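These notes are about the structure you will find just below.
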Amino acid sequence: MDPFAPLGRFMDDQQRVCNYSPGDTPDNDCGAEGTWHVMWNVAAEVSFACDPHMDRARSRYVFVDSHQTGPDCGMPGALWDLDGQRCVYPNEPSAAAAMAELPASVQGTP
């Protein structure tokens, strides 16, 4: 059994809403405010989750990292800062340090 969450269709992250969707159909999308930003696997596939669906994910799956949704999350060009537990832009001083520590396969992926 794969410990990582099964991922569904690609969903627009710019809206920053919960991407939980039982049956992976638009009619079943949660759509609540995405209060958590989750990196699901080492391929850097990410999405947003509301508090109840983040609790569900924590109880059932393994994922690489998560942090509370911040102003840079889901924005084009933002990078995941594993140490700072947030998303940052490459021109921020902490972003350069975070990039140096990410695996090459994740570098440059929001």
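On the stretch given as segment 66-110, residues that are modelled with pLDDT of 85 or more and outside any loop (DSSP other than H, G, I, E, B) total 9. Surrounded by 15 or more Cβ atoms within 10 Å (Cβ to Cβ) and modelled with pLDDT under 90, is that true of residue 36? In short, no.
Within the option set 48, 63, being touching a Gly at 6+ places or on another chain (Cβ under 9 Å) and modelled with pLDDT of 90 or more holds for one residue only, 48. Of all residues in segment 36-65, those satisfying the criterion of being among the hydroxyl-bearing types (Ser, Thr, Tyr) and outside any loop (DSSP other than H, G, I, E, B) are 47, 59. If you check residue 31 against the conditions, is it modelled with pLDDT of 90 or more and in a loop (DSSP other than H, G, I, E, B)? Taking the combined requirement at face value, the residue does not satisfy it.
The values are calculated or read from the model by the stated rules, or taken from the named source; none is laboratory data. What you see is a predicted model; the values in this text were computed from it and never measured. Cβ coordinates were reconstructed from backbone atoms using ideal geometry, including for glycine residues, and neighbour counts include every protein chain displayed.
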